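Asker: Pasting a structure here, questions to come.
The values are calculated or read from the model by the stated rules, or taken from the named source; none is laboratory data. Only a predicted model underlies this, so the values are computations on that prediction, with no experimental measurement involved. No Cβ is skipped: glycine too gets one built from the backbone with ideal geometry, and neighbour counts run over all protein chains shown. The accessibility values were calculated without ligands, DNA or RNA, using every heavy atom of the protein model including side chains. Shrake-Rupley method; radii C 1.70, N 1.55, O 1.52, S 1.80 Å.
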Amino acid sequence: MSDRRLSAAPATPVAAGSPALLLIAHGSRDPRHAAAVAALVAQVRALRPGLDVATAYLDHCAPRIPQVLDRLGPAAVAVPLLLNRAFHAKHDIPAALRAAGADLPVADVLGPSPLLLSALDRRLTEAAPALASPAARARTGVVLAAAGSSDPAADAATRAVAAEWRRTRGWAAVEVAYASAGGPRVPDAVAALRRTPAVDRVAVSLYLLAPGLLPDRIAEAATEAAADHLAATLAPTPDLARLLLTRYDEARTTARTAPALTA
């Protein structure tokens, strides 16, 4: 099934006895972050009517994981609202679940996935409808602006997303930039694209989930660098909501089919 058909697929009622979906987000002092997560959860519930979907945060926001688990009990699947397998996925979430005494199936992070590319496409065409045209894409360079990580594997995964986005969606070029950690900044990436002969215009796309400090920093840098277009963060989009359900279903199936441990 194509990404476009996936994002437009009808709602699927929840099967009897399905475990709850515990969405674990990082959290932010910026209230727009929690608002975007809440809107994304509403999309997930609309796609899977009857599914118990709860949100817990690692930091800054409430409720925290122990508070939510008190209500959900053991019948739940934890789904990280994270793009890459960096420190939060490898350490913070497992540690928080252990501290809460929870032994839940934990889904994989969101990236990579074709549905993430669909969400990126959606946000850019919302910012600039002309970019729906293959001819316009062929003359447009895009900065994929991510948070950045001290984990080399996470940054390598972001670069792989950029390469796949260019290869499959017809952009003239895609450069990666970071809002923190090492690597090129947005103005450097915009300047590099301006020097690319095939590029007539430059767009900056946020490879970040929800509004907050880092997206604001990227938006300010994009404006200062005179980028032609700036896309919004990925949440909420129906593509992202469907991807969360995909990760939930994968983890639930794996947990159901895993062989029982013997003493």
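Asker: What's the angle, to the nearest 10 degrees (0 to 90), between helix 114-127's Cα axis and the longest principal axis of the chain?
Answerer: That works out to roughly 50 degrees.
Asker: Can you order the peptides 202-215, 25-38 by their average number of other Cβ atoms within 10 Å per residue, highest first?
Answerer: Those peptides, ordered most packed to least, come out 202-215, 25-38.
Asker: Amide H to amide H under 5 Å from V143: which residues, 5+ apart in sequence or cross-chain, H placed 1.01 Å off N in plane?
Answerer: Long-range HN contacts for V143: E175, A203, V204, S205.
Asker: Cα centroid distance between segment 20-38 and segment 68-124, in Å?
Answerer: 12 Å
Asker: Considering all projection directions equally, how large on average is the shadow of the alpha-carbon convex hull of the chain, in square nanometres?
Answerer: Averaged projected area of the chain's Cα convex hull equals 14.8 nm².
Asker: Packing-wise, with mean Cβ within 10 Å as the measure, how do 70-77, 232-239, 109-116 rank, highest first?
Answerer: Highest-to-lowest ranking by the protection proxy: 232-239, 109-116, 70-77.
Asker: Accessible area per residue for the chain in Å², computed with a 1.4 Å probe and the full protein assembly in place, what is it?
Answerer: Spelled out: the 1.4 Å probe surface of the chain, per residue, equals 46 Å².
Asker: Can you give the angle from 0 to 90° between the axis of helix 31-47 and the longest principal axis of the chain, with both taken from C-alpha atoms, to the nearest 10?
Answerer: Rounded to the nearest ten degrees, it is 70.
Asker: Nearest 10 degrees is fine. How inclined is helix 238-257 to the longest principal axis of the chain, computing both from alpha carbons?
Answerer: Here the helix axis deviates by roughly 40 degrees.
Asker: How would segment 149-202 be classified by its alpha-carbon gyration tensor: rounded, prolate or oblate, with rounded meaning a/c under 1.5 and the a/b versus b/c comparison settling the rest?
Answerer: It is oblate, given that a/c is not under 1.5 and a/b is not larger than b/c.
Asker: Another question about this same structure. At most 10 other Cβ atoms within 10 Å and a DSSP loop assignment: could you name the trypsin sites (Lys or Arg not before Pro) in segment 168-261 that fit?
Answerer: Here the sparse-neighbourhood loop sites are R195.
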